[in-house]
Amino acid sequence: MKKMAAVVSEVTGVKAETIDVSITEDTDILFFGSAVYMAGIDDKVKAYIASMDCSKVKNVMCFSSAAILSSSYGQVRGLLEKKQITVDKREFHCRGQFKILHKGRPNKSDLELLRKFTEEIIP
């Protein structure tokens, strides 16, 4: 996730933060990165979403990686929508490395695709 967040940060000009940092300012678009572990999103990610203030976040754009599942979008979207937070239908997903599976992913090509995706979102 760190490499992917760095790409989004570079394109948007906004510092990438971990889920240890709460959203305190009004946010038009939150690029939210997550990965799938053991067929689900991490409990820390779930707790972060549960703590989000729906009055601070207007729209969430998801990006993710996973070794086996096709995306974490559905899980993240479900939790955010329960908080009355709008989730964009567009998402970015690529393979992620898990042990020897998909070694080196996300790779340079994946990150370039993420860059293009982010540039399409940010005018």
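The values are calculated or read from the model by the stated rules, or taken from the named source; none is laboratory data. Since the model is a prediction, treat every value here as computed from it, not as a measurement. Cβ coordinates were reconstructed from backbone atoms using ideal geometry, including for glycine residues, and neighbour counts include every protein chain displayed. The protein model used for the area step is the full one, side chains on, heavy atoms only, and it has no ligands, DNA or RNA in it. Shrake-Rupley method; radii C 1.70, N 1.55, O 1.52, S 1.80 Å.
Things to note:
- Sorting K2, K116, K58 by accessible area puts them as K2, K58, K116; the probe is 1.4 Å, largest comes first, and only protein heavy atoms count.
- Relative contact order for the chain, counting Cα pairs under 8 Å that sit 6 or more residues apart, in percent: 26
- Coupling constants for the range 91-103 follow from the phi torsions by the Karplus curve (6.51 cos²θ - 1.76 cosθ + 1.60, θ = phi - 60°), and in residue order they are 8, 10, 9, 9, 5, x, 6, 9, 6, 8, 6, 6, 3 Hz; glycine and proline get x.
- Largest to smallest accessible area among L114, L101, L30 [probe 1.4 Å]: L101, L30, L114
- Only protein heavy atoms count here; under a 1.4 Å probe, D20 has an accessible surface of about 140 Å².
- One chain, two ends: I121 and A39. Fully extended at 0.36 nm per residue, the span grows by 26.7 nm beyond their Cα-Cα distance.
- Above-threshold pairs, the threshold being 18 Å between Cα atoms, out of K3/K83; K46/K99; K2/K44: K3/K83; K46/K99
- Taken over the C-alpha atoms, the range 1-71 has Rg and Dmax values of 12.4, 35 angstrom.
- Looking at the chain, the DSSP beta bridges with both ends there are about 15 percent antiparallel.
- Solvent-accessible area of E119 with every protein chain in place, 1.4 Å probe, in Å² to the nearest 10: 100
- Only the Cβ atoms of Lys and Arg (+1) and of Asp and Glu (-1) were treated as charged; on that basis the dipole of the chain about its Cα centre amounts to roughly 520 debye.
- Distances between placed amide hydrogens fall under 5 Å for L30 paired with N59, V60, M61, all partners being 5 or more residues away or on another chain.
- Relative to the longest principal axis of the Cα atoms of the chain, the long axis of helix 2-12 makes an angle of roughly 50 degrees.
- Distances between placed amide hydrogens fall under 5 Å for D42 paired with A35, Y37, all partners being 5 or more residues away or on another chain.
- For R105, residues with placed amide H under 5 Å, excluding near neighbours: Q97
- Accessible area (Å², per residue) of the range 1-100, counting only protein heavy atoms and a probe of 1.4 Å: 61
- Computed from backbone phi, the HN-Hα couplings of the range 56-71 come to 9, 10, 7, 8, 10, 10, 8, 9, 7, 9, 7, 7, 10, 5, 6, 4 Hz, rounded to whole numbers (Karplus: 6.51 cos²θ - 1.76 cosθ + 1.60, θ = phi - 60°; Gly and Pro given as x).
- Only beta bridges with both residues in the range 51-123 are counted; by DSSP, about 10 percent of them are antiparallel.
- Surface composition of the range 1-113: carbon and sulfur atoms hold 54% of the protein heavy-atom accessible area at a 1.4 Å probe.
- Charged-residue dipole, Cβ positions (Lys, Arg, Asp, Glu), the range 60-123 about Cα centre, Debye nearest 20: 260
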